[in-house]
Amino acid sequence: MKKEIVVGVTGASGAIYARRLLEVLCKDAKVHVIVSDVAAKIAAHEGVSFEGLNAEYHAIDKLFASIASGSHKYDGMVVIPCSSKTLAAIANGYADNLITRTADVCLKEHRKCILVTREMPLSKIHLKNMLAAEEAGATIMPASPGFYHKPKKIDDLVDMVVARVLDHLEIEHNLIQRWSGYDA
């Protein structure tokens with residue numbers, strides 16, 4: 001059975017992560033996309049578009065969307081990139097837009113809710129919000145790629161982060177070569 005995933009894109013640098021995740025998900029899953037206004041501006045500045053994907057797009061202010069209800073069954077949600085503002089809202093149950101409301105639903109319904117944070121350095125406030133979100137059931141995944149797969153280009157680094165997200169969504173992929181140990 002096809003997985004159904006919600007992807008929220010918020011106003012932090014790193015729209016390339018969201019675009020790549022969406023490209024992969026839209027091949028085999030039913031995908032809902034919500035892009036905040038600031039995320040759209042940052043994506044345009046970074047040269048990333050969310051157009052042309054086989055997905056259902058939702059406006060950020062449409063709190064009556066089906067995905068805002070716990071009775072709408074879907075497998076999980078990813079907020080990628082997840083801005084510090086959105087992290088704070090999710091961690092504290094402040095559901096003022098469709099992204100934060102849908103994340104709130106994921107947490108209350110005990111569904112996968114993955115927050116791919118992108119800010120650095122982190123203040124004590126960010127760390128407390130990450131802990132609060134994790135304690136509520138979210139998975140915190142800073143966009144911090146590994147280098148053991150010997151990346152040659154930026155796309156390799158992006159795929160590393162996206163691969164980890166897909167792993168946590170339990171979606172098969174072959175974006176990266178998996179770690180097979182180190183023989184010294």
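The values are calculated or read from the model by the stated rules, or taken from the named source; none is laboratory data. Just so it is clear, the structure is predicted and the values come from calculations on it, not from any experiment. Ideal geometry is used to build each Cβ from the backbone, glycine not excepted, and the neighbour counts take in all protein chains shown.
Condition first: buried (at least 17 other Cβ atoms within 10 Å of the Cβ) and basic (Lys, Arg). Now tell me which residues in the range 98-122 satisfy that.
Passing the criteria: Arg101, Arg111, Lys112, Arg118.
Of all residues in the range 98-148, count the ones that are of a type in the set (Ser, Thr, Tyr) and in a strand (DSSP E or B).
Number satisfying all stated conditions: 2.
For the range 49-62, check the following and say yes or no: at least one residue is under 19 Å from Ile5 (Cβ atoms), buried (at least 18 other Cβ atoms within 10 Å of the Cβ) and touching a Ser or Thr at 6+ places or on another chain (Cβ under 8 Å).
Within the range 49-62, one or more residues are under 19 Å from Ile5 (Cβ atoms), buried (at least 18 other Cβ atoms within 10 Å of the Cβ) and touching a Ser or Thr at 6+ places or on another chain (Cβ under 8 Å).
Looking at (1) farther than 22 Å from Ser144 by Cα; (2) crowded, with 19+ Cβ neighbours inside 10 Å, which is the only condition Ser71 fails?
(2)
Which of the following residues is within 28 Å of His126 (Cα to Cα), surrounded by 17 or more Cβ atoms within 10 Å (Cβ to Cβ), of a type outside the set (Gly, Ala, Ser) and modelled with pLDDT of 95 or more: Val79, Val31, Val24, Val38?
Val79
For the range 123-154, give me each residue that is exposed (fewer than 13 other Cβ atoms within 10 Å of the Cβ) and either among the aliphatic types (A, V, I, L, M) or touching a residue at least 40 places away in the same chain (Cβ under 8 Å) (or both).
If the condition is that a residue be exposed (fewer than 13 other Cβ atoms within 10 Å of the Cβ) and either among the aliphatic types (A, V, I, L, M) or touching a residue at least 40 places away in the same chain (Cβ under 8 Å) (or both), then Ile125, Leu127, Leu131, Ile154 are the ones that fit.
Which one is nearest to the chain's Cα centre (by Cα) among residues in the range 24-64 that are without any contact (Cβ under 8 Å) to a residue 12 or more places away in the chain and outside any helix (DSSP H, G or I)?
Glu51
Kindly establish whether Ile171 is under 20 Å from Leu25 (Cα atoms), in contact with a strand residue (DSSP E or B) (Cβ under 9 Å, 6 or more places away or on another chain) and in a loop (DSSP other than H, G, I, E, B).
For Ile171, the condition - under 20 Å from Leu25 (Cα atoms), in contact with a strand residue (DSSP E or B) (Cβ under 9 Å, 6 or more places away or on another chain) and in a loop (DSSP other than H, G, I, E, B) - is met.
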